[in-house]
Amino acid sequence: MIDTSKLLVVAALLGPSSVAAQMPSMHGMHHDAPATVSPAARREVDSVAKAVVPLGVPGAAAKAGFRPAFGWIPTMGEHWVSRAQMVNGRQTNRAAPSQLMFSKIAGKDSLVGAAYGYVTVVGDTVRPVLFDGAPQWHEHRDLAPDGMTLVMLHVWFVPSPDGPFAGTNPNLPFWALGLDAPDASRMHDSAFKSRVYRASLALAEVADTSSILANLERRPEVRASLVAHRDTIRSLIPELEKAQKSKDTARWDRALQKTAEQWDAIQATYVGSARTTDGRERIERFISMLLGKHAE
């Protein structure tokens, strides 16, 4: 069973992790904000991206005190955390995010966003206003000590279908495999959006086979099922690529649906492997978070 409980707090606050790799370079990508995001907020996001660009070069983030807190999370990337910023309490300096988010784009580790986070007591609903329009923060109670909650605000520097302040970005696994991102203009369709998120997690299963529920994967019965489904997902990637190149939307939709169905089967395997009610609930909460359903 994955140990998500207190993961971020333990890793980021109680002691630094070793630096596993040098920091990647920044590719100069910008956010793709929807019409509901004000021009002022867009300028503010750009200012954050500009402020942290120097931390996207090899070794710079580590030198500045950022450390990888845990591995790549499919729809959130890999978080590098500044312990000094996290223990400072409420963050009010927009130019100094407590976390940097990295993910592969075109085969290269890239700085894709930043995040602000701090731990507070459950029931505290006051949040800092760092950007125009006061975008909503989200909570991770499972990642904080009992009676506390971790509140976070993500800021994406790369296109995100739900805007630059979304808790998750389903484009990341597509990019990690060299695929184009899904058409953001279609994400208003809830059925299409569901397929995109589910397919995103399916693709993540082959982009990084340790990225979702690695502890469960070690169980023989789970492993056998995952191997079969991952092989099917790999066979669907060329179909997605061909559909993209030919601009055949119907073909792409069919491949997307098949990929999403593979995730449905994988999710059932993960949830079905739970040995306790509490374990099952934790798995379901974690998957729900990956699917973009953060607690507000």
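Does ASP253 fit the bill of being part of a helix (DSSP H, G or I), more than 13 Å from SER200 (Cα to Cα), charged (D, E, K, R) and assigned by TED's automatic domain parsing to the domain that holds PHE286? Against the criterion (part of a helix (DSSP H, G or I), more than 13 Å from SER200 (Cα to Cα), charged (D, E, K, R) and assigned by TED's automatic domain parsing to the domain that holds PHE286), ASP253 qualifies. Could you go through region 138-149 and let me know if any residue there is part of a strand (DSSP E or B), touching a Lys or Arg at 6+ places or on another chain (Cβ under 9 Å) and either assigned by TED's automatic domain parsing to the domain that holds SER211 or not small (Gly, Ala, Ser) (or both). Checking region 138-149: at least one residue is part of a strand (DSSP E or B), touching a Lys or Arg at 6+ places or on another chain (Cβ under 9 Å) and either assigned by TED's automatic domain parsing to the domain that holds SER211 or not small (Gly, Ala, Ser) (or both). Looking only at region 196-210, which residues are among the charged types (D, E, K, R) and surrounded by 21 or more Cβ atoms within 10 Å (Cβ to Cβ)? Listed by number, the residues that qualify are ARG198, GLU205.
Of all residues in region 161-170, none satisfies being touching a residue at least 40 places away in the same chain (Cβ under 8 Å), aliphatic (A, V, I, L, M) and touching a Leu at 6+ places or on another chain (Cβ under 9 Å).
Screening TRP175 against (1) surrounded by fewer than 23 Cβ atoms within 10 Å (Cβ to Cβ); (2) in contact with a strand residue (DSSP E or B) (Cβ under 8 Å, 6 or more places away or on another chain); (3) within 18 Å of PRO238 (Cα to Cα); (4) not polar (S, T, N, Q) leaves a single unmet condition, (1). Being surrounded by fewer than 20 Cβ atoms within 10 Å (Cβ to Cβ), more than 25 Å from ARG285 (Cβ to Cβ) and of a type in the set (Gly, Ala, Ser) holds for only one residue in GLY59, GLY71, GLY147, and it is GLY59. Return the pair list, or none, for Cβ contacts closer than 7 Å from residues in region 260-288 that are surrounded by fewer than 18 Cβ atoms within 10 Å (Cβ to Cβ) to residues that are of a type in the set (Lys, Arg), at least 6 apart or on different chains. From residues that are surrounded by fewer than 18 Cβ atoms within 10 Å (Cβ to Cβ), the pairs are ASP264/ARG198; VAL271/ARG280; ALA274/ARG280.
Take ALA255 and decide whether it is at pLDDT 95 or above, farther than 28 Å from HIS79 by Cβ and buried (at least 18 other Cβ atoms within 10 Å of the Cβ). Yes.
The residue that is nearest to GLU241 (Cα to Cα), counting only those in region 103-134 that are in contact with a Pro (Cβ under 8 Å, 6 or more places away or on another chain) and of a type outside the set (Gly, Ala, Ser), is LYS108.
List every residue pair whose Cβ atoms sit under 9 Å apart, with the two residues 6 or more apart in sequence or on different chains, where the first one lies in region 213-224 and is within 15 Å of TRP263 (Cβ to Cβ) and not assigned by TED's automatic domain parsing to the domain that holds ARG282 and the second, anywhere, is in a loop (DSSP other than H, G, I, E, B) and not aliphatic (A, V, I, L, M). Hits for this filter: zero, empty list.
Of the residues screened, ALA114 is one that is surrounded by 22 or more Cβ atoms within 10 Å (Cβ to Cβ) and outside any helix (DSSP H, G or I).
The values are calculated or read from the model by the stated rules, or taken from the named source; none is laboratory data. Note that the structure is a prediction, hence the values are computed from the model and not measured. When we count neighbours, we look across all protein chains shown, and the Cβ atoms used for this are built from the backbone with ideal geometry, even at glycine.
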